[in-house]
Ligand SMILES: Cc1cc2nc3c(=O)[nH]c(=O)nc-3n(C[C@H](O)[C@H](O)[C@H](O)COP(=O)(O)OP(=O)(O)OC[C@H]3O[C@@H](n4cnc5c(N)ncnc54)[C@H](O)[C@@H]3O)c2cc1C
């Protein structure tokens, strides 16, 4: 089946219909103020998250028992893609995705107190939660430190980038435990010693980005999510984030292809619309190929997660999909710049917003460069069985003919 140019399976069509019917008006309302918020660097207003939660949009993949929609990873991906396609407010899906992943991670702890205090209020849109991992250091050199005190713990340090930090009531903070390990803990915005600072980033300017200063923040034992092997804890969370972080951008890229084609059909040069010129058609063709390539990668990775076949800590296909999707959506916006000329730069601000927002995907949830290194290292060490299928005729280990 096709929707215009786009291939669309019944599952994709169902997800799109559901998003349009349930959340279309809310997303349209959010879209209206998006360009002005981006220009001003204002975060998407909190009331949209509360309204989204009332409509069941806050916690797509969380189980019903905690107020979620119990969507499998593939349906969640299709839903987020459609949200990106419909909504010009790019900050909303970015924050939504981060909050959901953190809630999933807390739920996975199996602790009832964390579920009641954090997971259910996040699902209801009553609580903002943000991830405070990055701090301009590698995981083994974190300067944010959690140390024992007489009554519990004290947390000190600085976290450099947290998406949705300006709207967050709670932060999931990773810290050096002083004994060569990493701990994960929950810090409330109103805890003594916590300062949240607004950032002025290149893109994703409506996603409430913030840095966090932590000065001898007192924490009780119940705020400690894990007091050892926090690296595995973070890896699991970041692996899950890699699957979802590009989904909305993919929908946005599709919208850019359509916006570009519409504009090119009405721009006349030398007596004919630009869309009649073969070089312009080739650019649109490359944009289409990029979007469908990214969709194919995403759906395969999401299907693997849906079938419980993905590695929970570092799934190669999920990482490859995040890498490819990032390159694809960035190529769409670059192609668009080539054929739209000044309109891209001075006309509809959405083109520039996407150019800047898509750039953030290069670093978000693991840089493209590091994913290549990690995947290459895996490829170098995970050699297939020389006698396995596809290797018929390959030299055997003992050099005897196959
Ligand atoms: C849009 C966006 C949203 C984000 N949201 C959050 C958030 O909510 N919470 C949060 O904690 N962080 C967030 N981040 C931060 C993001 O997770 C980090 O930027 C990312 O993990 C990379 O860390 P870094 O910036 O310190 O880069 P660096 O570690 O300095 O890496 C930069 C480059 O150095 C090289 N390099 C680094 N280490 C190695 C190595 N071991 N081997 C080889 N080369 C290496 C690679 O080329 C790499 O690309 C966000 C970032 C963006 C852009």
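Just so you know, all these numbers are worked out from the coordinates, no wet-lab data involved. The model shown is predicted, which means the values in this text are computed figures rather than measured ones. FYI the Cβ positions are ideal-geometry reconstructions off the backbone, even for glycines, and counts take in every protein chain you see.
Across the stretch 234-380, Cα-Cα pairs more than 28 Å apart make up 27 percent of the total. Placing R0 at 60 angstrom, the Cβ-Cβ distance between residue 20 and residue 150 gives a FRET efficiency of 0.60 after rounding to 0.05. Taking a ≥ b ≥ c as the square roots of the eigenvalues of the Cα gyration tensor, an a/c ratio of 1.5 or more together with a/b no larger than b/c marks the stretch 86-155 as oblate.
Placing pseudo-labels 7 Å out from each Cα toward the beta carbon at residue 9 and residue 116 gives an inter-label distance of 4.1 nm. Sorting 163, 144 from the fewest to the most surrounding beta carbons within 10 angstrom yields 144, 163. Distance from a point 7 Å along Cα→Cβ of residue 197 to each backbone N in the stretch 128-149: keep the residues under 14 Å and list them by number. Taking a point 7 Å out along Cα→Cβ of residue 197, the residues of the stretch 128-149 whose backbone N falls under 14 Å are 135-136.
Calculated from the alpha-carbon coordinates, the stretch 141-283 shows an Rg and a Dmax of 23.1, 80 Å respectively.
The ellipsoid equivalent to the alpha-carbon distribution of the chain has semi-axes of 36, 29, 20 angstrom, derived from the gyration tensor eigenvalues as √(5λ) and listed largest first. Of 81, 51, 135, the sequence from fewest to most neighbouring Cβ atoms within 10 angstrom is 51, 135, 81.
Per residue, the convex hull spanned by the Cα atoms of the stretch 133-224 measures out at 81 cubic angstrom. Label positions at residue 65 and residue 282, each projected 7 Å from the Cα along the C-beta direction, are separated by 5.8 nm. So if R0 is 56 Å, what FRET efficiency would residue 36 and residue 179 give, r being the distance between their Cβ atoms, rounded to the nearest 0.05? Taking R0 as 56 Å, the efficiency between residue 36 and residue 179 is 0.70.
Sorted ascending by nearby beta carbons within 10 Å, beginning with the fewest, 35, 276 become 276, 35. Potential lengthening of the chain between residue 269 and residue 363 amounts to 30.0 nm, from the contour at 0.36 nm per residue minus the alpha-carbon distance. Taking a ≥ b ≥ c as the square roots of the eigenvalues of the Cα gyration tensor, an a/c ratio of 1.5 or more together with a/b no larger than b/c marks the stretch 2-128 as oblate. Between residue 222 and residue 289, the modelled label-to-label distance comes to 5.8 nm, taking each label 7 Å out from Cα in the direction of the beta carbon.
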